[in-house]
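See below for the structure under consideration.
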Amino acid sequence: MPSIHFLDVTNRDGVQTARTGLSKFGKTMINFYLGQLGVAQSEIGFPFLFHEVPYIRANVALAEAGAFGGLRLSGWCRAVTADVDAALSVVPAAGPGAPGLRHYNLSISTSDQMIAHKFRGRLDRAAIIAEMTAAVAVARAGGAETIGVNAEDGSRTDDGFLLEFALAARDAGASRVRYCDTIGGDSPERIRERFAKLAAATGLPIETHCHNDLGMAVGNSVSGALGDLDAGQDAWVNTCINGIGERAGNADLLSCLLAFRHGFGVAAHAEIGDPVDLSWARRFALWASYAFGQPLPQGQPGTGRNAFAHESGIHADGALKDRQNYELYDDETLGPFPHDWFTRAGRVVLTGEYGGLAGFRHVMDGLGITVADGEEDLTFRLVQLCASATGKPLTDDELRLIAGYPHQLALLYPGLLG
């Protein structure tokens, strides 16, 4: 039976959000939380960029060590052979021959708008297909296990060329085609129909990538995925935590998960193929709000302050009698609210960028975090470096990850911990 899979793009599209930012350690924590939540794949960034290389190496090492559970890591490249070559040449921390990034998404624009006003005569339709297929060939030759091909501005690409592009991607060896609603103008009925036709014609999953310019990113993502299922194909849904992303954002990860779990007419026949554990939902969403410096809206589905709040007389009376009168799902399924060490009121000793060993030991002991024998100095210095990178007090989960995988995380900071 075809099923739904999630490919989160917070570490690529989400971190491109204007007026915000995330450290490489923060990006690593995104992968940690995605792994705990049970998401299938994380688009971890741009492996052809020089400043991403230490982070890529560290995260590949962490994945190999089991820090992210079953999460697959993938890199995003333009569908340009030089970018793909550069990405493939990132030598894993374990040296040549060790497993590196094995999953890729290669992107190029396909709409007439982009051809005329972005490429400005440099590329036409034939050249776009030629560049894309050449990039796929390089990725395949380099050992990529899966390759997604992105049709940027797919929602403004006419049906005929979109099909021609998708068939060329399939024949070149692509595993999926990503349909990008780049400017967020699609609508649920239209996108479901287009996905069903494209998936049926190509025999490939068509991957949703929806922006929220009209407030319909989640609805469009759900509908597009249902179009895949209509055609008998698996669906791959792109998301970002808390719906962050360029302009008005991307499809919110937790809203999509909840929609497939509880949506009327959806949950009954849309099986999630990933081992999702929603008990991590609140910790992830609130950590991301803290790390990105973007407060959650009070009405954020599932994790907002008012998501389960009742005040009006009719609602309060009904909820007190039976919460299912006014609640679609139980808030307990989303896990506990975090109460991190650094948020304690009153007298508290913290550890961080300028802390000393006494404070470090006090906090780690208080949290019950065991530092491996012989690893105290490395772990302590990593705490200082990671706190310096984030510019914020470290959370309990961050401290636990540092203590659990100090040698892999040390790869984030080449030359500083040798």
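The values are calculated or read from the model by the stated rules, or taken from the named source; none is laboratory data. Worth saying up front: this structure is predicted, and the values here are computed from it rather than measured. Neighbour counts run over all protein chains shown; Cβ positions are idealised from the backbone, glycine included. These accessible areas exclude ligands, DNA and RNA; they are computed on the full protein's heavy atoms, side chains included. Shrake-Rupley method; radii C 1.70, N 1.55, O 1.52, S 1.80 Å.
Has the stretch 40-58 got at least one residue that is closer than 25 Å to Asp274 by Cβ, among the small types (Gly, Ala, Ser), in contact (Cβ under 8 Å) with a residue 60 or more places away in the chain and out of contact with any Asp or Glu (no Cβ under 8 Å at 6 or more places or on another chain)?
Checked against the condition, which is being closer than 25 Å to Asp274 by Cβ, among the small types (Gly, Ala, Ser), in contact (Cβ under 8 Å) with a residue 60 or more places away in the chain and out of contact with any Asp or Glu (no Cβ under 8 Å at 6 or more places or on another chain), the stretch 40-58 yields at least one hit.
For the stretch 103-131, enumerate the residues that are more than 17 Å from Leu162 (Cα to Cα) and either open to solvent by 80 Å² or more (accessible area, probe 1.4 Å) or in a helix (DSSP H, G or I) (or both).
His117, Lys118, Arg120, Arg122
I'd like to check something: does the stretch 249-259 contain any residue that is open to solvent by 10 Å² or more (accessible area, probe 1.4 Å), under 29 Å from Pro393 (Cβ atoms) and either hydrophobic (A, V, I, L, M, F, W, C) or not in a strand (DSSP E or B) (or both)?
Yes - at least one qualifying residue is present in the stretch 249-259.
Just give me the residues in the stretch 385-404 being of a type in the set (A, V, I, L, M, F, W, C) and under 22 Å from the mean Cα position of the chain (by Cα), in sequence order.
Cys386, Ala389, Leu394, Leu399, Leu401, Ile402
Six or more apart or on different chains, Cβ atoms under 8 Å: show the pairs whose first residue is in the stretch 324-341 and open to solvent by 80 Å² or more (accessible area, probe 1.4 Å) and whose second is of a type in the set (A, V, I, L, M).
If the second residue must be of a type in the set (A, V, I, L, M), the pairs left are Asn325/Ala319; Tyr326/Ala319; Phe337/Leu286.
Testing Asn220 on (1) open to solvent by 20 Å² or more (accessible area, probe 1.4 Å); (2) under 18 Å from the mean Cα position of the chain (by Cα); (3) more than 15 Å from Ser3 (Cα to Cα), one condition comes back false. Which one is that?
(1)
Could you tell me whether Ala358 is aliphatic (A, V, I, L, M), part of a helix (DSSP H, G or I) and open to solvent by 50 Å² or more (accessible area, probe 1.4 Å)?
Against the criterion (aliphatic (A, V, I, L, M), part of a helix (DSSP H, G or I) and open to solvent by 50 Å² or more (accessible area, probe 1.4 Å)), Ala358 qualifies.
Check the stretch 263-278 and report whether any residue there is outside any loop (DSSP other than H, G, I, E, B) and of a type in the set (Phe, Trp, Tyr).
Within the stretch 263-278, not a single residue is outside any loop (DSSP other than H, G, I, E, B) and of a type in the set (Phe, Trp, Tyr).
What residue, of Gln384, Gln408, is at pLDDT 95 or above, farther than 21 Å from Tyr33 by Cβ, part of a helix (DSSP H, G or I) and among the polar types (S, T, N, Q)?
After applying the criteria, what remains is Gln384.
Looking only at the stretch 40-65, filter to residues that are assigned to a loop (DSSP other than H, G, I, E, B) and touching a Gly at 6+ places or on another chain (Cβ under 9 Å); which one of those is surrounded by the most Cβ atoms within 10 Å (Cβ to Cβ)?
Pro47
How many residues are within 30 Å of Gly70 (Cβ to Cβ) and either open to solvent by less than 50 Å² (accessible area, probe 1.4 Å) or modelled with pLDDT under 95 (or both) if we restrict to the stretch 132-142?
6
Hey, Trp287 hits all of (1) open to solvent by 30 Å² or more (accessible area, probe 1.4 Å); (2) farther than 23 Å from Glu207 by Cβ; (3) at pLDDT 95 or above; (4) assigned to a helix (DSSP H, G or I) but one; which does it fall short on?
Only one criterion in (1) open to solvent by 30 Å² or more (accessible area, probe 1.4 Å); (2) farther than 23 Å from Glu207 by Cβ; (3) at pLDDT 95 or above; (4) assigned to a helix (DSSP H, G or I) is unmet by Trp287, namely (1).
Which pairs turn up if I take residues in the stretch 211-234 that are free of Cβ contacts under 8 Å to residues at least 40 places away in the same chain and more than 16 Å from Gly245 (Cβ to Cβ) and look for partners that are open to solvent by 10 Å² or more (accessible area, probe 1.4 Å) and among the polar types (S, T, N, Q) with beta carbon separation below 7 Å, at least 6 apart in sequence or on another chain?
Every condition considered, no pair remains.
Which condition does Ala345 not pass, out of (1) surrounded by 15 or more Cβ atoms within 10 Å (Cβ to Cβ); (2) more than 25 Å from the chain's Cα centre (by Cα); (3) part of a loop (DSSP other than H, G, I, E, B), if it passes all the others?
All conditions are met except number (1).
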